[in-house]
Amino acid sequence: MNTADLGLPVAVPSTALFTDHYELTMLQAALRAGTADRRSVFEVFTRRLPEGRRYGVVGGTGRVLDAVENFRFGENELGFLRDQQVVDGPTLDWLADFRFRGDIRGYPEGEVYFPGSPILRVEGSFAEAVLLETVILSILNHDSAVAAAASRMSVAAGSRPLMEMGARRTHELAAVAASRAAYVGGFSSTSELAAGFRYGIPTIGTSAHSFTLLHDSERDAFTAQVDSLGRGTTLLVDTYDVSEAVALAVEVAGPELGAVRIDSGDLLLMAHRVRQQLDELGAADTRIIVTSDLDEYAIASLAAAPVDAYGVGTQLVTGSGHPTCSMVYKLVARATSADPSAPLHAVAKKSLGGKTSIGGRKWAARRPDANGVPEAEVVGTGPVPPELADRQLQVDLVRGGRVVGREPLDVVRERHIAARARLPLSAMQLSRGDTVLPTQYV
């Protein structure tokens with residue numbers, strides 16, 4: 001879901017300068033050399049997953065489509081390039097008319113991926129495809145990292161809901177993207193209003209410690225909040241003494257109190273004590289929400305605790321220790337001339353240090369075992385084996401420059417939950433291990 005789905009106004013600033021300087025100098029040189037119009041195929045993939053991760057999550061595809069659609073050079077962008085002498089006059093003239101008119105195929109957002117998976121394939125002239133490299137990678141690397149962390153936290157939380165609360169721990173624009181990626185990975189709500197406005201994600205929030213400290217007493221603070229937000233609100237109970245605050249919260253709001261939030265201390269111990277106290281006070285339906293620097297491991301450690309929901313911030317928006325997926329954007333095939341009918345030839349980087357790539361336009365499919373459980377990620381450049389024809393992973397996203405793969409965010413979120421559930425059970429382990437599926441090249 002986005003603001004267009006909601007019928008809300010949306011600004012569409014140009015994304016054309018969300019790129020590296022050398023993309024434009026390559027363009028200029030290729031235009032001069034007469035090679036800029038050669039049909040080319042670029043692919044996005046990662047050579048490895050972050051250490052210990054068993055699967056990756058494709059996040060940000062919808063934002064990529066928006067970025068491609070808005071990758072246009074207006075007077076402001078052209079004026080900057082002219083003033084800074086980034087490129088010459090003929091290149092500026094070329095950029096003034098730029099629209100991506102090629103094709104993009106890739107894994108649908110929310111799908112899982114593995115090392116070597118051709119997550120995105122961009123095909124067009126070299127000139128138009130090379131310009132998209134930086135913005136595509138910046139979106140996919142960030143959003144997929146957050147989505148993967150969110151997915152692991154979702155596994156750890158089980159059926160308990162997760163709330164994203166990381167806006168104050170990252171860049172203000174990254175916060176909105178992180179909220180979206182977290183929703184893809186399994187979170188149910190966000191504290192970030194811009195994400196709610198832009199993507200229709202449910203928003204949550206009640207009060208911070210400052211609200212309690214503002215008032216002359218904790219009773220006054222609780223009374224003010226309940227009078228304003230109703231008995232179903234969530235009261236923060238760890239500003240002073242937790243036990244006294246819980247008793248006071250139930251006294252003020254009654255047994256209809258919606259929830260209490262614990263944001264510090266030994267969360268496992270405190271959750272048990274607070275649950276017992278709430279039950280003794282007749283507030284058996286009052287939920288317990290915990291926050292305080294949670295990650296997937298902390299969430300897993302609370303599995304046996306009487307916790308009803310988790311709020312996660314810093315560790316989520318920073319990818320839980322892995323803020324990027326190390327995805328790359330490599331030329332894998334190109335024509336020998338600008339003739340549209342010229343055949344494509346596979347090309348690949350062949351260098352030392354493990355940074356090689358495999359040439360050729362690729363397809364991908366997930367082969368099941370006898371029980372229907374995926375056993376391998378199969379990637380090939382030749383004909384697709386008949387038994388894998390209906391198991392291909394890539395879908396059309398942009399066709400002839402027109403976006404055809406945009407979809408509601410709830411569809412993406414459900415896709416990820418379903419894709420994760422189809423993986424072998426070992427994918428759900430949080431302990432360090434190898435990727436759950438091997439990648440086989442054919």
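The values are calculated or read from the model by the stated rules, or taken from the named source; none is laboratory data. Everything numeric in this text was worked out from a predicted model, so none of it was measured. All Cβ positions, even for glycine, are placed from backbone atoms using ideal geometry, and neighbour counts span all protein chains on display. The accessibility values were calculated without ligands, DNA or RNA, using every heavy atom of the protein model including side chains. Shrake-Rupley method; radii C 1.70, N 1.55, O 1.52, S 1.80 Å.
When the solvent-accessible area of the range 225-265 is split by element, carbon and sulfur atoms take up 44 percent of it, the probe being 1.4 Å. Charged neighbours of Asp434, selected by a Cβ distance under 11 Å, balance to +3 (K, R count +1; D, E count -1). I'd like the Kirkwood hydrodynamic radius of the range 31-184, using the inverse of the mean 1/r over distinct C-alpha pairs, in Å. Across the range 31-184, the inverse of the average 1/r is 17.5 Å.
For the range 107-266, the Cα gyration tensor yields ellipsoid semi-axes of 42, 16, 13 Å (square root of five times each eigenvalue, largest first, whole Å).
Across the range 134-139, rounded Karplus estimates of 3J(HN,Hα) from the backbone phi angles (6.51 cos²θ - 1.76 cosθ + 1.60, θ = phi - 60°) give 5, 5, 5, 5, 5, 6 Hz, Gly and Pro being marked x.
Computed from phi, the 3J(HN,Hα) profile of the range 175-181 under the Karplus parametrisation 6.51, -1.76, 1.60 (θ = phi - 60°) reads 4, 5, 5, 5, 4, 4, 5 Hz, with x in place of Gly and Pro. Each part reduced to its alpha carbon centroid, the range 395-415 and the range 149-222 end up 26 Å apart. Mean residue ellipticity, 222 nm, helices only, the chain: the sum of -39500 (n - 2.57) across DSSP H runs of n ≥ 4, divided by residue count and rounded to 500, is -11000 deg cm²/dmol. Taking a ≥ b ≥ c as the square roots of the eigenvalues of the Cα gyration tensor, the range 380-425 is oblate, since a/c reaches 1.5 or more and a/b is not larger than b/c. Over the range 94-194, the alpha carbon radius of gyration divided by the compact-protein estimate 2.2 N^0.38 Å works out to 1.29. Phi-derived couplings, Karplus 6.51 cos²θ - 1.76 cosθ + 1.60 at θ = phi - 60°, listed residue by residue for the range 304-318: 8, 7, x, 9, 9, 6, 10, x, 10, x, 3, 5, 5, 6, 9 Hz, with x used for Gly and Pro. Distant-in-sequence amide contacts of Leu235, defined by a placed amide H-H separation under 5 Å and a gap of 5 or more residues or a different chain, comprise Ala259, Val260, Arg261. Computed over the chain with a Gaussian network model linking Cα atoms closer than 10 Å, the most mobile of Ser117, Ser431, Ser217 is Ser217.
Per residue, the average separation of C-alpha pairs within less than 8 Å and at least 6 apart gives the range 60-134 a relative contact order of 29 percent.
All other residues whose Cβ lies under 13 angstrom from that of Ser154 are scored, Lys and Arg at +1 and Asp and Glu at -1, for a net of 0.
Note on Arg168 and Ser337: with the Förster distance fixed at 51 Å, the Cβ-Cβ geometry gives a FRET efficiency of about 0.40. You can think of it this way: the chain between Phe197 and Arg367 has 57.2 nm of extra reach, that is 0.36 nm per residue less the Cα-Cα gap. Extent along the principal axes, Cα only, for the range 216-337: 79, 32, 25 Å, with the longest axis given first.
Heavy-atom accessible area, probed at 1.4 angstrom with all protein chains present, ranks Ile289, Ile358 as Ile358, Ile289, highest first. Multiplying the residue separation of Ser14 and Arg72 by 0.36 nm and removing their Cα-Cα distance gives an extension gain of 20.3 nm. As a ratio to 2.2 N^0.38 Å, the alpha-carbon radius of gyration computed for the chain takes the value 1.13. The residues Glu75, Glu109, sorted by heavy-atom accessible surface at 1.4 Å with ligands and nucleic acids left out, run Glu75, Glu109 from largest to smallest.
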